[in-house]
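Right, one structure below, let's go through it.
We did not get these values from a lab; they are worked out from the coordinates using the rules stated. All values reported here derive from a predicted model rather than from experimental measurement. Cβ placement follows ideal geometry from the backbone for every residue including glycine, while neighbour counts extend to all protein chains displayed.
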Amino acid sequence: MKIALVTGGSRGIGKATSLLLARHGYKVVVNYLRNKQAADEVVSTIVASGGEALALRADIADELQVMAMFAEIDNAFGPVTALVNNAGILFQQSTIENLTAERINRVLATNVTGYFLCCREAVKRMAYRHGGEGGAIVNVSSAAARLGAAGEYVDYAASKGAVDTLTTGLAVEVAAQGIRVNGVRPGFIYTEMHASGGEAGRVDRVKTALPMQRGGQPEEIAETIVWLLSEKASYVTGTFIDAAGGK
């Protein structure tokens, strides 16, 4: 039985991934924080197509909420076999002079601590040493981890750099436990996240600077994620795919 949790699964890359996982036969848990309607719509779409899905609210930066979410998944479907760490936040574009400790800590709490907590709970269920049958984890990072997002989101970029290090270390730590851990680094993708940074049209502004001369679609990233989770990538761990149009 294939059971997948997608954090931030109600919109953008998370939504596209949730829908694609369902088409590949996974039972899908759509995690969300605020937009219950959007999460319910993803679930309804999956169910209408003959799949099984569940929407669960949890702030992944909150340890108790993460533990409760995984326990609820255990009861509803069984232990997860696939985790997509996708939930993330960023704030208005800013140079470092205007960054506050509160903003930095909020970004790190969700984008880094949240990923650690979800990985921890997944490993407890997947690892051979805990009676699990193995599994796969994909951490959604960002091209910003390599490029730095200077003058825009250095705090966000730094958080994704931490995600890359988590991915590298955890892949080695749990490889012998039947768990594969990989990362995807999307580039400029048409999602709502850019509006959170104060520039909804950011992808169109920068696309001519990309080798492929266009922004990416969430569905293109979802295909990459689902491949990494699949048996087709059975000998792939500790690896990153830069899905960034050549940049």
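Here is how the numbers come out for the structure above:
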read-out: Kirkwood Rh in Å, taken over the stretch 1-92 so that all alpha-carbon pairs contribute; value: 12.8 Å
read-out: Calculated [θ] (222 nm, deg cm²/dmol) that DSSP helices of n ≥ 4 give over the chain, each run adding -39,500 (n - 2.57); value: -13000 deg cm²/dmol
read-out: GluC sites (Glu not before Pro) restricted to DSSP loop in the stretch 133-222 with at most 15 other C-beta within 10 Å; value: E133, E192, E199
read-out: Cα-Cα over 20 Å, subset of K207/K247; K160/K247; K124/K160; value: K124/K160
read-out: Acute angle (nearest 10 degrees) that the helix 12-23 long axis makes with the longest principal axis of the chain, alpha-carbon atoms; value: 30 degrees
read-out: Listed peptides 136-147, 5-16, 56-67 by packing density, highest first (mean Cβ within 10 Å); value: 5-16, 136-147, 56-67
read-out: HN-Hα J in Hz across the stretch 172-181 - Karplus 6.51, -1.76, 1.60, θ = phi - 60°, x for Gly and Pro; value: 6, 4, 10, 4, 6, 9, x, 10, 9, 10
read-out: Efficiency of FRET from Cβ geometry, R57 and H130, R₀ 22 Å, rounded to 0.05; value: 0.25
read-out: Distance from the stretch 80-117 to the stretch 25-64 (C-alpha centre basis), Å; value: 21 Å
read-out: Most to least packed among 94-105, 75-86 [average Cβ atoms within 10 Å]; value: 75-86, 94-105
read-out: Two-site FRET efficiency, I96 against R120, from Cβ-Cβ distance with R₀ of 22 Å, rounded to 0.05; value: 0.10
read-out: Distance-filtered residues of the stretch 113-152 - backbone nitrogen under 18 Å, label point 7 angstrom along A209 Cα→Cβ; value: 142-152
